[in-house]
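J.: Mind looking over this structure? Questions follow.
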Amino acid sequence: MYEGAIQELIDELGRLPGIGPKGAQRIAFYVLSADATDVGRLATALQKVKEQVRFCATCFNVAEAEQCRICRDPRRVDDVLCVVEEPKDVVAIERTGEFRGRYHVLGGAINPLDGIGPDNLRIRELMARLSGGDVKEIILATDPNTEGEATATYLALLMKPMGLNVTRLASGLPVGGDLEYADEITLGRAFAGRRSI
Ligand SMILES: [Zn+2]
């Protein structure tokens with residue numbers, strides 16, 4: 001449609017999640033008209049995220065060191081572990097201020113239609129962490145949708161023989177939704193009202 005660099009940018013933007021062809025075009029022309037310094041900052045931020053950000057060796061949250069900020073924090077308690085699907089869920093739960101334990105990020109949820117089974121998630125790493133014996137309670141905070149429920153059920157069965165207190169967030173969360181879209185108060189209440197399963 002357009003020639004050269006502007007079309008290349010539209011094509012690249014169009015491959016990003018949540019951006020359709022019209023959105024890609026709008027952003028591309030915004031970049032074209034924007035201040036060169038602002039565009040430079042954006043380009044640097046894109047490059048830096050690939051160079052500097054990696055996954056925490058312990059919990060698989062995003063990190064800029066071997067371990068993430070939460071795993072390095074000595075004030076957090078080691079006996080409660082909250083299992084989530086994605087790093088963005090850690091952010092959502094941290095915002096509630098209800099949780100002082102540690103996290104484990106699975107990297108997704110069980111979804112047979114997309115070919116994602118337990119082996120594609122960081123479940124082996126989770127079980128290895130639990131074998132240490134420090135953790136007494138596991139909070140399964142996967143998304144309140146079909147895949148999240150299937151993942152929570154699978155994990156609960158796996159953990160039952162280990163004698164852990166396995167809890168699931170209380171209802172009240174929008175069913176079928178994403179944890180990250182729940183407001184802080186709803187998510188905070190769901191956290192406080194978690195039940196053993
Ligand atoms: Zn970590």
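J.: Counting only residues that are among the basic types (Lys, Arg) and more than 13 Å from the ligand (Cβ to nearest atom), give me the helices (runs of 4 or more DSSP H) lying completely in segment 23-102 with at least 1 of them.
T.: The qualifying helices (runs of 4 or more DSSP H) are 36-52, 87-96.
J.: A further question follows. Considering each of CYS71, CYS82 in turn, give the residue that is at pLDDT 95 or above, closer than 24 Å to THR151 by Cβ, in contact with a Ser or Thr (Cβ under 7 Å, 6 or more places away or on another chain) and open to solvent by less than 90 Å² (accessible area, probe 1.4 Å).
T.: Details: CYS82 fails: in contact with a Ser or Thr (Cβ under 7 Å, 6 or more places away or on another chain).
One residue alone meets the criteria, CYS71.
J.: If I ask for residues that are within 16 Å of LEU158 (Cα to Cα) and either β-branched (Val, Ile, Thr) or touching a Lys or Arg at 6+ places or on another chain (Cβ under 6 Å) (or both), which ones from segment 85-127 would you list?
T.: Result: LEU106, ILE110, ILE123.
J.: Residue under question is GLN25, and the condition is that it be out of contact with any Phe, Trp or Tyr (no Cβ under 9 Å at 6 or more places or on another chain), among the polar types (S, T, N, Q), over 23 Å from SER131 (Cβ atoms) and without any contact (Cβ under 8 Å) to a residue 40 or more places away in the chain; does it hold?
T.: In short, no.
J.: Name the single residue that is nearest to ARG72 (Cα to Cα) among those in segment 103-151 being in a loop (DSSP other than H, G, I, E, B) and of a type in the set (Val, Ile, Thr).
T.: VAL135
J.: Oh, and also: When you go through (1) within 18 Å of VAL135 (Cβ to Cβ); (2) surrounded by 11 or more Cβ atoms within 10 Å (Cβ to Cβ); (3) out of contact with any Pro (no Cβ under 7 Å at 6 or more places or on another chain) one by one for ASN61, which number turns out not to apply?
T.: (3)
J.: For segment 103-121: of the residues being closer than 18 Å to ILE70 by Cα and of a type outside the set (Val, Ile, Thr), which is nearest to the ligand (Cβ to nearest atom)? I'd like the intermediate steps shown before the answer.
T.: If we filter segment 103-121 for residues that are closer than 18 Å to ILE70 by Cα, which is where we start, we get 103-107.
Keeping just the survivors that are of a type outside the set (Val, Ile, Thr) gives 103-104, 106-107.
Details: TYR103: 7, HIS104: 8, LEU106: 13, GLY107: 13 Å.
That would be TYR103.
The values are calculated or read from the model by the stated rules, or taken from the named source; none is laboratory data. Only a predicted model underlies this, so the values are computations on that prediction, with no experimental measurement involved. Neighbour counts run over all protein chains shown; Cβ positions are idealised from the backbone, glycine included. Side chains included, ligands, DNA and RNA excluded: accessible areas come from the protein's heavy atoms. Shrake-Rupley method; radii C 1.70, N 1.55, O 1.52, S 1.80 Å.
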